[in-house]
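Asker: Structure provided below as structure tokens; questions to follow.
The values are calculated or read from the model by the stated rules, or taken from the named source; none is laboratory data. Small disclaimer: the values here were computed from a predicted structure and weren't measured. When we count neighbours, we look across all protein chains shown, and the Cβ atoms used for this are built from the backbone with ideal geometry, even at glycine. Just so you know, the surface numbers come from the protein's heavy atoms only, side chains and all, with ligands and any DNA or RNA stripped out. Shrake-Rupley method; radii C 1.70, N 1.55, O 1.52, S 1.80 Å.
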Amino acid sequence: MEAQKRSFLRMVSHELRTPLNSILGFSEILAGELYGPLGAPQYKEYAEIIRESGHKLLKLVNQVLEIARLEGNAVEWDLRPEPVGAAVEEALTGLSREVDEHGTKVVLAGGETALPQVVADARGLRNALSALIHNAIVFSPQGSEVRIAARQAGRWVDIEIANPFPNADPDDLARLLKPFEQGESALTRAAEGAGLGLPICALTCQAMGGRLTLAAERGQRITATVRLPAA
């Protein structure tokens, strides 16, 4: 049954991506008025709405496909020593718009050079850290401070991403690592999405020989910890 479900998800995801790419392409042509003005300004506004909606739907389709691939062990990993500092900096570069919009201050404990190395897949590590840092930014109050630290504990390295969250509730955490767990939780109402980001991170960490855990101090902060083998 599980194999049939994964096969169905892969098929549906692939079939949805083709028409979505056409929708995105033509909406961008219309929004950019590539072949001349559209006339009424509302048309350009509507084209922008179509493009934004298409990108949101394409993101969801890609996440569903990624869940199916991860659960079906269909992802090939290239595990090798990776510097945590470089991965964090690359993730932050891709999130510069979100950092600016939310007025977030991101603090690396000890600085980039002090962060250790882990054994991981380069793409998997960067995707997981980017998703977790993104969550920390968007779920924090405006102007908050997000703290990132990494410390070695024996043969493991723990990468911690902590952010303030006034509605933090430890009882909400366990189910957030399950796919599609969005619901009415205070942790999820603050942002859009289908609740797939954290499960993808958890499955990615597991596939790289590690794990993802969440901890919350009630009414204060949330900490996501990625544990990976030390290099």
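Asker: For the chain, what Kirkwood radius comes out of the mean inverse Cα-Cα distance, in Å?
Answerer: 19.3
Asker: Related question: Roughly to the nearest percent, how much of the accessible area of the chain is carbon and sulfur, given a 1.4 Å probe? If you can, show how the numbers build up before the last one.
Answerer: Details: 6660 of 12610 Å².
It is 53 percent, rounded to a whole number.
Asker: Among Leu79, Leu214, Gly32, which residue has its Cα furthest toward the positive end of the charge dipole of the chain, with +1 on Lys/Arg Cβ and -1 on Asp/Glu Cβ?
Answerer: Leu79
Asker: May I pose another question? Run the 1.4 Å probe and let me know the accessible area of Asp158, rounded to the nearest 10 Å².
Answerer: Near enough 20 Å² of accessible area.
Asker: Exposed loop sites here are chymotrypsin sites (Phe, Trp or Tyr not before Pro) in DSSP loop states with at most 13 other C-beta atoms within 10 Å. What is the longest stretch of the chain lacking them?
Answerer: The reported range is 36-179.
Asker: Among Leu196, Leu228, Asn135, which residue has its Cα furthest toward the positive end of the charge dipole of the chain, with +1 on Lys/Arg Cβ and -1 on Asp/Glu Cβ?
Answerer: Leu228
Asker: Still on this model: Measuring with a 1.4 Å probe in the full set of protein chains, what accessible area per residue, in whole Å², belongs to the chain?
Answerer: Working: 12610 Å² over 231 residues.
I get 55 Å² per residue for this part.
Asker: Take every DSSP beta bridge with both residues inside the chain and express the antiparallel ones as a percent of the total, to the nearest 5.
Answerer: Working: 29 of 33 bridges.
So the antiparallel bridges in the chain amount to around 90 percent.
Asker: When the dipole is taken about the Cα centre of the chain, and only Lys, Arg (+1) and Asp, Glu (-1) are charged at their Cβ, what size is it in debye, to the nearest 20? Before the final figure, lay out each step's value.
Answerer: Details: 24 positive and 29 negative charges, 106 e Å.
Once rounded to the nearest 20, the dipole reads 500 debye.
Asker: Taking θ = phi - 60°, what integer Hz values does the Karplus form 6.51 cos²θ - 1.76 cosθ + 1.60 yield along region 43-55, in sequence order, with x for Gly and Pro?
Answerer: Calculated HN-Hα couplings, in order: 4, 5, 4, 5, 4, 5, 5, 4, 5, 4, 5, x, 5 Hz.
Asker: Let me ask something additional. Please give me, ordered by residue number, the GluC sites (Glu not before Pro) of region 17-77 that lie in loop per DSSP and have at most 15 other Cβ atoms within 10 Å. Could you put the intermediate results ahead of the total?
Answerer: Working: sites: Glu28, Glu33, Glu45, Glu48, Glu52, Glu66, Glu71, Glu76; in loops: Glu33, Glu76.
In loop regions of region 17-77 (DSSP not H, G, I, E or B), the sparsely surrounded GluC sites (Glu not before Pro) are Glu33, Glu76.
Asker: Related question: Amide H of Ala120 versus every other amide H placed in the peptide plane: which residues, excluding those fewer than 5 positions away on the same chain, fall under 5 Å?
Answerer: Arg80, Glu82
Asker: Just need the relative contact order of the chain here, percent rounded to a whole number, with Cα pairs under 8 Å and 6+ apart.
Answerer: Numbers: 387 pairs, mean separation 43.7, N = 231.
Computed over the chain, the figure is 19 percent.
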